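Taken together, the values in this text are just the output of simple stated rules run on the coordinates, not laboratory data. Only a predicted model underlies this, so the values are computations on that prediction, with no experimental measurement involved. Reconstructed Cβ throughout: ideal geometry from the backbone, glycine too, with neighbour counts over all protein chains shown.
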Amino acid sequence: MITRIMTHCLERVLFDDVTITSRVAQLGREISLDYRGQGHSLLVVGVLKGAAIFMADLVRCIDLPLTIDYMAVSSYRSGTCTSGTVNVHKDLDTEIEGRHVLLVEDIVDSGLTLSYLYNLLQNRRPASLRVCVLLDKPSRRLEPFRPDYCGFEIPDVFVVGYGLDYNERFRHLPYIAVLNAKE
Ligand code: PRP
């Protein structure tokens, strides 16, 4: 019998904690300026689980009255592969009709998750709906999707850390690293 041992290690750091902190602060300033004077408080919606850490840092860099809410979604995903089917495990607690909504995600890859969520929320008739992602991997798109705010554009590499996982591991890392999966 052949026993296959899979090991996973971090190949290199793509963005260290100082770089992430600085970029998140820039995004917060940009968002604060764009929404200033809108009249109604902003609703910032984080998409669990991946966006949890980015969301927590981002909202503390937005100098505006705001409220927060979360959705929990997942795609059928095993390791580094996805089937693209989106499941909503937790919906919003908040009615968004007439609200300015900012949807926050850790990464847009195929674009399937954000396209699905964008359409879902747009159908609830918010006053406005914009999307902020920390990472954009445009080379992997299956569904056209352009975020309104983006932290970093990255090549087609599998990344973990700062909320992003591989089979639920590595989310707690304070930096973003490229995962090297060796069989
Ligand atoms: C990840 C990520 C996005 C989605 C992006 O979620 O948080 O929601 O994949 O990929 P896509 O553009 O190809 O749809 P995942 O399903 O891994 O769940 P998680 O947020 O709990 O890590």
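How much length, in nm to one decimal, is gained on full extension between Asn180 and Leu142, taken as 0.36 nm per residue of separation minus their Cα-Cα distance? Could the numbers behind the result be given before it?
On the way: separation 38, 0.36 × 38 = 13.68 nm, distance 2.37 nm.
Taking 0.36 nm per residue and subtracting the Cα distance, the gain is 11.3 nm.
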**Message:** On a full-extension model of 0.36 nm per residue, what is the gain between Thr21 and Val88, subtracting their alpha-carbon distance, rounded to one decimal in nm?
**Reply:** 21.2 nm
**Message:** Report the gain in length on full extension from Val13 to Ala127: 0.36 nm times residue separation, minus Cα-Cα distance, nm rounded to one decimal.
**Reply:** 37.1 nm
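Cβ neighbours within 10 Å, averaged per peptide: list 159-165, 28-34, 88-94 in order, most packed at the top.
Descending mean neighbour count gives 159-165, 28-34, 88-94.
Rounded to the nearest 5, what is the percent of antiparallel bridges among the DSSP beta bridges in the chain? List each step's numbers first, then the result.
Working: 17 of 41 bridges.
Within the chain, antiparallel bridges account for around 40 percent of the total.
Where both partners of a DSSP beta bridge lie in region 84-183, what percent of those bridges are antiparallel, to the nearest 5?
Numbers: 4 of 16 bridges.
For region 84-183, the DSSP antiparallel bridge percentage is about 25.
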**Asked** Once whole DSSP H runs in the chain are found, which of them have Cα atoms spread over 24 Å or more along the helix axis and a mean Kyte-Doolittle score of at least -0.5?
**Response** 17-35
**Message:** Over region 80-183, what is the relative contact order in percent, taking alpha-carbon pairs closer than 8 angstrom and at least six residues apart?
**Reply:** 22
**Prompt:** If contacts are Cα pairs under 8 angstrom and at least 6 residues apart, what is the relative contact order of the chain in percent?
**Reply:** 26
**Request:** At q = 0.12, 0.19 Å⁻¹, what is the base-10 log of I(q)/I(0) for the chain according to the Debye formula with one equal point scatterer per Cα and no solvent? Please give it to two decimals.
**Result:** -0.56, -1.36
